[in-house]
Amino acid sequence: MKCTGKLKLLSAAVALSASQIATAQLEEVIVTAQKREQSLQDVPIAVSAMSGDQLNAAGVTTIEGLTKVMPTLDVQSSTSAVSANFRMRRVGNLGNIPDFEPAVGFFQDGAFRARSIFGMGDLFNVDRIEQLRGPQSTLYGKNVTAGVIAIYTAPPSEEFEWKGELTAGSIEAPDDAPLYNFRGGISGPLTDSLGASLGASYSYHDATMTQAVAGAEDTNELERYSLRGELNWDATEKLNLRAILGTVQQDNNKATTNDYFYDPEGYVANFVLPTLQEAGVSLPCTDNDPKNDVGCSLDQTLSDVDSSEAILLANYQLDNGWNINSITSWDYYKFKGEQNDAGQIMAPVLKYHDTQEGEAWQQELRLTSAGGETIDWLGGIFYYHNDFKRGDGGDRAIFLYDTLSDDPTVAAVNQAVLGAPIPIPFAPQGQLSYLDGQQETDYYAVFGQATWNITKKWAVTGGLRWQREEKDASVLQTINDPSPSVISLLLSPTDISADGFDRSTDKVTWSVTPQYFLTDDTMIYATASTGFKSGGFNTSWGSIAIEAREFKDEDVTNYEAGIKTTQLDGNLRLNFNAFYTEYDDKQEAAFVGANFTVGNAEKATNKGVELDGAWLLGENFTADFAVSYADLEYDKFTNGQCYPGRTPDSPTNPDACVLDGEHPINAPEWRTHVGLTYQTPVSWGDVYARADWSWTDDFNTSFSADPLLVQSSYSWVNARLGTHWDNWEFVVWAENLTDEDVANIEATANIYSGDNSVQSFLQPPRSYGLTVRANY
């Protein structure tokens, strides 16, 4: 059976006409998790999937929104989209470190993306999204030790069509912020063999965070443009080519700013701020609540992001049914950010201007058997090259003096706090520091997988991948004025530089999965697999010694077992699995030396269970649900970050703490989701209502397992009420209906760290609005 690419998951949960409602039923789900089309219930992997129609029905327009209906998935973001990071089963890396490659691989139409930024735009023209949980190092290879998020766009339609969607609403910030969104496109044939599509989106919302500092501008504003075009050419009966071009731009937004808490018992609130305010250097902040979207920033954070990508997909079918698949891809992004209150003391003493740039090329070539034989197999080769630069090649200053950088009171405060023998200004007037941090990556792999269909009920799948990764890096810190200052001594010391250092790693990963069909509707499976993620270098600014900037490879061993079943005459679908994962030298981030840096936790384990399913409860009533339990814990971590007030106790590092037995940042044990949809015909079409409830257990929000920084358990409720009328749809909706205040990350202060003052990065407050869709 040839799949058209439209994933049908739960017809009653998508937009149905009145005549369709009477025959609603669970339909087969087709995925390509193993790089060939298969029924979801036949794939021996923990997989979740949603079609484009289902995303619309649930009001999911971004991957961040997807996390509310897929509790095994999480998105971490702080100051901008470029700092975003995907996490799966609570495992993932901090996006603030751009050369810290992800543990969850993001794939766009089969092409790997090294940075999650390429998945942080609006979701439009989506055919389906697949989430593969656990190490996927055989078929997907690079940086997938926690799992895979794969987005597949819809190919051009066989008949001409256009569709559009306009949303208007409001975010309940301290000063209510209007929001607007447009998604739309056209698609259809140009000739008998050539089709084309063009889609676009625009998202905007006004500032959502008010500043409690006199004269400061509100911040947390978004304006984003996206464009994606595609050509689909059936060159011959056997050869198909798809060319996909896309771009996302966010132009000089007032980016996400943290909500700050100044510890009333700490030296920042009791010494630094009063001293500077009395001297007229710092302005007072009249708010000290870390979770109310009222901040303490003198100047807004700015973020400018430009990303582009191109993908060429080729599929050639041989006479014997075998397929040759080629994926050729290029991607590029550039980010510029400005934080002009980098001291976080409501004073013009320090400017921080970040620049990041990345470009990548890749080629995958794969040969796949026809399928349905005693042995089904595939094999391929993969090459990936990435160039990353930070600091604009040393042409754009990263730290800059400000008007009061060398004020005598500021220098005296720094002397007292840093224990320096002389007054230390933030910077003398005119002082500029530059960073030229670069890393070049080359990755090669040969992989294969085969399934031995021993009987109609019994099969065994095995896979093998050989990979080699080479990295070359350099860090050069320069300064135009070497006078002693916070910039020259702490942030950009010139003696912490290296023209080049390199590393290379060869690794073989494998997986073995037997599966057995107890009945036609019930399958059980078990998996043993390994995963791998190459080490690298910290190429950012800061005072960390060059010899301490390399971090090790991460090795993973995973054991998993599951059952997939369809019951009640096809009206109930259940998938259950249990897993146990061991990490050796797990790569972890921490805030050290006024900068985020990467190290290794010697041993960690993650164990848990997952349940998801869909249930047709009645002719017009459906439910989808998921439960995720994951206990991620450090077994041995002797080089962790110390929280304020804790005495360092690491046997290997005089400034570090032992975090054995602790959970990593943002790793709640339990997360759940339940979605209910009711849809009924009316005289003009149909009316439907949907409610989504998710619950998250409490979790620590700090890298140091600070017992004071714990986010309490919370519920998240989204609701939608809509109607279809001919080719039109009207929906009123609300998200975070109960207006929960939730912190994802809480980190120590940028410069004056050491007390319990923290910066909190929050999830969005309640929002509501109206969406109108047209489909012709």
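Some observations on this one:
- The residues of the range 644-685 include none that are over 30 Å from residue 626 (Cα atoms), part of a strand (DSSP E or B) and either without any contact (Cβ under 8 Å) to a residue 24 or more places away in the chain or among the aromatic types (Phe, Trp, Tyr) (or both).
- Looking at the range 319-408, the strands (runs of 3 or more DSSP E) lying wholly inside it that each contain 1 or more residues that are within 24 Å of the chain's Cα centre (by Cα), in contact (Cβ under 8 Å) with a residue 40 or more places away in the chain and within 23 Å of residue 475 (Cα to Cα) sit at 323-339, 351-368, 375-390.
- Filtering the range 728-776 to residues that are out of contact with any Ser or Thr (no Cβ under 9 Å at 6 or more places or on another chain), over 30 Å from residue 343 (Cβ atoms) and not hydrophobic (A, V, I, L, M, F, W, C) leaves 739, 773, 775, 776.
- Candidate set from the range 53-72 (those that are aliphatic (A, V, I, L, M) and closer than 14 Å to residue 692 by Cβ); member that is farthest from the chain's Cα centre (by Cα): 57
Yes/no per residue for (1) part of a strand (DSSP E or B); (2) within 26 Å of residue 541 (Cα to Cα); (3) in contact with an Asp or Glu (Cβ under 6 Å, 6 or more places away or on another chain):
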site	(1), (2), (3)
79	no, yes, no
93	no, yes, no
96	no, yes, no
100	no, yes, no
112	yes, no, no
117	no, yes, no
122	no, no, no
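- Residues of the range 451-471 include none that is among the aromatic types (Phe, Trp, Tyr) and crowded, with 21+ Cβ neighbours inside 10 Å.
- Considering the range 706-776, the qualifying strands (runs of 3 or more DSSP E), each wholly inside and each with 1 or more residues that are modelled with pLDDT of 95 or more and surrounded by 20 or more Cβ atoms within 10 Å (Cβ to Cβ), run over 714-725, 728-735, 767-775.
- The residues listed here are 517, 501; of these, the one that is open to solvent by 20 Å² or more (accessible area, probe 1.4 Å), modelled with pLDDT under 95 and not in a loop (DSSP other than H, G, I, E, B) is 501.
- The strands (runs of 3 or more DSSP E) found entirely in the range 209-262 that carry 3 or more residues being under 23 Å from residue 742 (Cα atoms) are 259-261.
- Some residue of the range 208-220 being surrounded by fewer than 16 Cβ atoms within 10 Å (Cβ to Cβ), closer than 29 Å to residue 402 by Cβ and among the aliphatic types (A, V, I, L, M): yes
- Considering 690, 646, the condition of being open to solvent by 20 Å² or more (accessible area, probe 1.4 Å) and of a type in the set (Lys, Arg) is satisfied by 646 alone.
- Restricting the range 667-680 to residues that are open to solvent by less than 10 Å² (accessible area, probe 1.4 Å) and of a type outside the set (A, V, I, L, M, F, W, C), the residue that is farthest from the chain's Cα centre (by Cα): 679
- In the set (1) at pLDDT below 95; (2) in contact with a helix residue (DSSP H, G or I) (Cβ under 8 Å, 6 or more places away or on another chain), the condition left unmet by residue 177 is number (2).
The values are calculated or read from the model by the stated rules, or taken from the named source; none is laboratory data. Source: prediction; values computed, not measured. Quick reminder, even Gly has a Cβ in these numbers, built from the backbone with ideal geometry, and neighbours come from all protein chains shown. For the accessible areas, the whole protein counts, side chains as well, though only heavy atoms, and no ligand, DNA or RNA atoms are used. Shrake-Rupley method; radii C 1.70, N 1.55, O 1.52, S 1.80 Å.
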